[in-house]
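Take a look at the structure below.
The values are calculated or read from the model by the stated rules, or taken from the named source; none is laboratory data. Keep in mind the model is a prediction, meaning the values are calculated, not measured. As a convention, Cβ positions derive from the backbone with ideal geometry for all residues, glycine included, and neighbour counts pool all protein chains shown. Areas reflect the complete protein model, heavy atoms only, side chains present, ligands, DNA and RNA absent. Shrake-Rupley method; radii C 1.70, N 1.55, O 1.52, S 1.80 Å.
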Amino acid sequence: MIKKIVKFILRKLKTTFLPKRMGNWLNSLYITYIRYLDGSYGNNVRYKYYKKTLKSLGQNVTIDTGVFITGGEFISIGDNTHIDKNCILVGSPPDLDLSYRYIKTRENNNFNGIKGEIVIGKNCHISQNTMIYGYGGVTIGDNSTMSAGSKIYSLTSIAYNPFDPSEIVSIVPYTGKSPTLIGPVVLGNNVWIGIDSIVSPGCTLKDNVFAKSQSIINSSFSENSYIGGSPAKKIRNRFCKYNKQKGSSSN
């Protein structure tokens, strides 16, 4: 019975005469239903849906139960990547109007993507309850891991007006002058972000960086760094005898 209802909704979504408001309603109903379908059937249904609605979706991608995706047309996910349970991914158009806010921009010369887009590479694991906000642009290289509860903010609220710290302002409502920091975030290949860590706007973690659990990352780090703390600092090299050209350790 449920499968018949799903097929009915899909047929309606494909019709050209359906009023836009009704089409949006059916789409919301459908994604709410498939979001929590468990097992291989649920994974298969979600894959087919997101294959049509994301900017790009590679082969053998798992989008697990409870995942919320907003702005899917600005999100790309590579082959063999797992978006685990209850993650949140938010993409946005590059021309999103934030002119009403107090905006401070943090530049990132390592970013080659498009503002607002999230690009996740191949063979990645975005673990449970992870959040990625792509307003400033986010790229994640191949073979990278974001552990449970970790977060990437390419846009975040800040405590004061960056142009006049003496002014008393509030971050809410967000449609007001909410002081904001925006900047692209770049994770290289084989980067591992530990449990409950946060990556702030404008940061780059180059290839083979490891961040300990509960790290607050406010700056960029070079290849093969083992970092941790609040704010995060380099503790040591991740791999000994590191061959920078090959991006691996050597014997």
Inside the stretch 160-191, the number of residues satisfying the requirement of being at pLDDT 95 or above, under 20 Å from Y133 (Cβ atoms) and open to solvent by 60 Å² or more (accessible area, probe 1.4 Å) is 0
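Looking only at residues that are of a type in the set (A, V, I, L, M, F, W, C) and either in contact (Cβ under 8 Å) with a residue 60 or more places away in the chain or part of a helix (DSSP H, G or I) (or both) in the stretch 44-83, which one is surrounded by the most Cβ atoms within 10 Å (Cβ to Cβ)?
Residues of the stretch 44-83 of a type in the set (A, V, I, L, M, F, W, C): 45, 54, 57, 61, 63, 67-69, 74-75, 77, 83.
Restricting the remaining residues to those that are either in contact (Cβ under 8 Å) with a residue 60 or more places away in the chain or part of a helix (DSSP H, G or I) (or both) gives 45, 74.
Working: V45: 18, F74: 24.
Once the filter is applied, the top-ranked residue is F74.
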Reported set for the stretch 29-62 where residues are among the aliphatic types (A, V, I, L, M) and either in contact with a Gly (Cβ under 6 Å, 6 or more places away or on another chain) or closer than 15 Å to I118 by Cα (or both) is L54, L57
Within the stretch 26-43, residues exposed (fewer than 13 other Cβ atoms within 10 Å of the Cβ) and within 22 Å of the chain's Cα centre (by Cα) come out as S28, T32, Y36
Scanning the stretch 141-159 residue by residue, those of a type in the set (V, I, T) and open to solvent by 10 Å² or more (accessible area, probe 1.4 Å) turn out to be T145, T156, I158
The lone condition G39 fails out of (1) closer than 24 Å to I120 by Cβ; (2) modelled with pLDDT under 85; (3) of a type outside the set (S, T, N, Q) is (2)
Taking first residues from the stretch 182-202 that are assigned to a loop (DSSP other than H, G, I, E, B) and second residues anywhere that are basic (K, R), the pairs with Cβ under 6 Å that are 6 or more apart or on different chains are G183/R106; G188/K206; G194/K212; P201/R106; G202/R106
Going through (1) surrounded by 22 or more Cβ atoms within 10 Å (Cβ to Cβ); (2) part of a strand (DSSP E or B) one by one, N208 fails only at (2)
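Would you pick out the residues in the stretch 211-234 that are part of a strand (DSSP E or B) and either in contact (Cβ under 8 Å) with a residue 12 or more places away in the chain or within 16 Å of V138 (Cβ to Cβ) (or both)? Steps first, answer last, please.
Filtering the stretch 211-234 for residues part of a strand (DSSP E or B) gives 211, 216-217, 221, 225-229, 232-234.
If the condition is that a residue be part of a strand (DSSP E or B) and either in contact (Cβ under 8 Å) with a residue 12 or more places away in the chain or within 16 Å of V138 (Cβ to Cβ) (or both), then A211, I216, I217, F221, S225, Y226, I227, G228, G229, A232, K234 are the ones that fit.
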Residues of the stretch 217-241 being of a type in the set (A, V, I, L, M) and open to solvent by less than 50 Å² (accessible area, probe 1.4 Å), in sequence order, are I217, I227, A232
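Could you list, in sequence order, the residues of the stretch 105-164 that are assigned to a loop (DSSP other than H, G, I, E, B) and either of a type in the set (D, E) or in contact with a His (Cβ under 6 Å, 6 or more places away or on another chain) (or both)?
As a first pass, look at the stretch 105-164 and keep what is assigned to a loop (DSSP other than H, G, I, E, B): 106-117, 121-124, 127-130, 134-137, 141-144, 147-150, 154, 158-164.
Within the stretch 105-164, E107, E117, D142, D164 qualify.
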- Answer with yes or no whether Y100 is closer than 27 Å to T175 by Cβ, buried (at least 18 other Cβ atoms within 10 Å of the Cβ) and out of contact with any helix residue (DSSP H, G or I) (no Cβ under 8 Å at 6 or more places or on another chain). no
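Evaluate the following for T130: is it under 19 Å from D38 (Cβ atoms), at pLDDT 95 or above and out of contact with any Phe, Trp or Tyr (no Cβ under 7 Å at 6 or more places or on another chain)?
Details: under 19 Å from D38 (Cβ atoms): no; at pLDDT 95 or above: yes; out of contact with any Phe, Trp or Tyr (no Cβ under 7 Å at 6 or more places or on another chain): yes.
When the stated conditions are applied, T130 does not pass them.
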